[in-house]
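See below for the structure under consideration.
Derivation of every value follows stated rules applied to the coordinates shown; laboratory data play no part. Predicted model only: the values in this text are computed from it and were never measured. As a convention, Cβ positions derive from the backbone with ideal geometry for all residues, glycine included, and neighbour counts pool all protein chains shown.
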Amino acid sequence: MSNAYLTLKTRQQEEFNAFPIEFAFNMKQFEEAMTALGLTPKDTDKVYKIPGGGLIRKTDSEALLTMSRKHADEHAAARAADTNGTGFIYDMFEYELANHEYSYTYDPEPALNTLGLTLEEVEADPIMADAFKRAKAAQFKTAK
């Protein structure tokens, strides 16, 4: 059975991985990252630092914003298209709950944080609330 959420997440991750972004956590990695971006280590005025140790060329910043917006729009459209919560919405909850070991921790917050949702937002939407409830119950069926 195909997971619509995982399909979208995988494609978006592949697009992100293809983006010219480098990560550095020490000086040697910084020098290598700058070289990989076609710059010298002294070209610090030509890069932006992004969260998680990332570096991008300033000339690529608009493209990164465009890709990020596109990914957010695709996610929102997939959620909106799932009008009964049995497709994408269920898949996203089921995947992220499993990925964050809900069946062991009983804590849904890490999964919801990954999705950019709060428990209050989920509970306020009947479709999401029902899909979330079913996805939580499914965690214990697969944990056995």
Trypsin sites (Lys or Arg not before Pro) within segment 1-47: DSSP coil, no more than 10 neighbouring Cβ in 10 Å: 42
What lysines could a cross-link reach from residue 28, if we take a straight Cα to Cα line under 17 Å and drop same-chain neighbours fewer than 8 places away? 42, 49
Please give the contour-minus-distance gain from residue 3 to residue 17: 0.36 nm per residue of separation, less the Cα-Cα distance, rounded to one decimal in nm. 2.9 nm
Ordered by residue, what ³J(HN,Hα) values in Hz, to whole numbers, does segment 9-24 give under the Karplus form 6.51 cos²θ - 1.76 cosθ + 1.60, where θ = phi - 60° and Gly and Pro are x? 4, 5, 4, 5, 5, 4, 5, 5, 4, 7, 6, x, 10, 10, 10, 9
Can you compute the modelled spin-label distance between residue 84 and residue 10, with each label point 7 Å from Cα toward Cβ, in nm? 2.6
Modelled label reach - residue 74, point 7 Å along Cα→Cβ, segment 10-26 residues with backbone N closer than 19 Å: 10-21
Check the straight Cα-Cα distances from residue 133 and name the lysines below 26 Å, setting aside those fewer than 8 residues away within the same chain. 9, 141, 144
Alpha carbon convex hull of segment 67-107, projected area averaged over orientations, nm²: 3.5
Let me understand segment 83-139 better: what is its radius of gyration from the alpha carbons, and its Dmax, in angstrom? 10.0, 30
The equivalent-ellipsoid semi-axes of the chain, taken as the square roots of five times the Cα gyration tensor eigenvalues and listed largest first in whole Å, are 37, 17, 13
Averaging 1/r across every pair of distinct alpha carbons in segment 1-66 and inverting yields a Kirkwood hydrodynamic radius, in angstrom, of 13.0
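Would you compute, from DSSP H runs of 4+ residues alone, the mean residue ellipticity of the chain at 222 nm, taking -39500 (n - 2.57) per run and dividing by the full residue count, rounded to the nearest 500? Could the numbers behind the result be given before it?
Working: 8 runs with 93 residues, N = 144.
So the helix-based figure for the chain works out to -20000 deg cm²/dmol.
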